[in-house]
Amino acid sequence: MKPSDLAKARILVTNDDGIHAPGLEALIEIANQLSSDVWVVAPEFNQSGAGHSLSITRPLRAREVSETKFAVEGTPTDCVLFAVKHLMKARKPDIVLSGVNRGTNIADDVTYSGTIAGAMEGCLLGIPSIAFSQAYAHDHPVKWGTATHYGADVARRVLETGWPRNVFINVNFPDVVAGSVKGIKVTRQGVRGFGSYIVERQDPRGGSYYWIAYAPGEHEFDDESDLAAIRNGYVSVTPLHLDLTHEATRRKLSAQFETA
Ligand code: MN
């Protein structure tokens, strides 16, 4: 995308943390640095962990916050579909931006993330899409300033470079102040090796209920991974693609079934 086209582009902003999330304001700030035509369609409630889920057994309610800002009682996927196929159908968005998520979306997070799914849905609809997430440590305030300092520049550079239709971009900002960021690294999706486990609790009537909890590990030490970039204080830019086929295994299985 040429810089002159980008300045005129219609941008759709969504997220998974919901319409009231501070990270949504951070992404609106980023989008406003790119273009003056910014629309927002975000979930009414927090959809973190919703992945790429689509609401097909219940209706979607949309609440108008302003002329160009809407809250939808649904998932990030619902929001992007509602925006592209209904709200903005007269002039569809040229770019979809999703985030800025509170917390990283790297390695094993990718398929659980509603933030990434927002960009995934934009990509499925043929629109260049970018997901943004800000790393943070649980006992510190989120450094949104790092995202807003780097976000527009990263978006501009990836959009100017361009990418194929079934690809979208996953950007993560490290948990350091903007002035301490070491640079920008183009990475691959790492493997964290989730230590998910179930916590059992008791309700006041003696019944059990459960929380999914996790102790993150880092099982892979790949210097080119998103994990390594974030750990070392770099902005991580990962091109992801919708085709989950594993080619080497496909070839091996083809050979197996041909000889059978
Ligand atoms: Mn989230």
inquiry  = Below 20 Å, Cα to Cα, which aspartates and glutamates can LYS252 reach? Residues fewer than 8 away in the same chain don't count.
reply    = ASP243
note = In Å, the Kirkwood estimate of hydrodynamic radius for segment 1-127 over Cα pairs equals 14.2
Mean ellipticity per residue at 222 nm, deg cm²/dmol - from DSSP H runs of n ≥ 4 across the chain, formula -39500 (n - 2.57) = -8500 deg cm²/dmol
message = From the mean inverse distance of alpha carbon pairs (Kirkwood) and the Cα radius of gyration, derive Rg over Rh for segment 66-155.
response = 0.99
key: Normalised alpha carbon radius of gyration of segment 16-88 [divisor 2.2 N^0.38 Å]   = 1.06
ask   = Can you give the % of DSSP beta bridges in segment 21-128 that are antiparallel, to the nearest 5?
value = 50
remark   = If R0 = 35 Å, then ARG157 and LEU253, at their Cβ-Cβ distance, give a FRET efficiency to the nearest 0.05 of 0.35
request  = Would you list the P(r) distribution for the chain, with all Cα-Cα distances sorted into 10 Å bins from 0 and each bin expressed as a whole %?
outcome  = 7, 29, 34, 19, 8, 2, 0
ask   = If you roll a 1.4 Å probe over the heavy atoms of the protein chains, what accessible area per residue do you get for segment 51-93, in Å²?
value = 59
ask   = By DSSP, what percent of the beta bridges with both residues in the chain are antiparallel, rounded to the nearest 5?
value = 40
key: With all protein chains modelled, accessible area of HIS86 [1.4 Å, Å²]   = 110
remark   = The rounded separation in angstrom of the Cα centers of segment 60-80 and segment 110-142 is 17
task = Amide H neighbours of ILE95 under 5 Å, at least 5 residues apart or on other chains, H built in the peptide plane: list them.
result = ARG10, LEU12
message = Just want to confirm a number: the relative contact order over the chain, from Cα pairs under 8 angstrom separated by 6+ residues, in percent.
response = 17
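The values are calculated or read from the model by the stated rules, or taken from the named source; none is laboratory data. Everything numeric here is computed off the predicted structure, so don't read it as measured data. For neighbour counting, all protein chains shown are included, and Cβ atoms are generated from backbone atoms with ideal geometry for every residue, glycine included. Note: accessible area is taken over every heavy atom of the protein model, side chains too, but ligands, DNA and RNA are not part of it. Shrake-Rupley method; radii C 1.70, N 1.55, O 1.52, S 1.80 Å.
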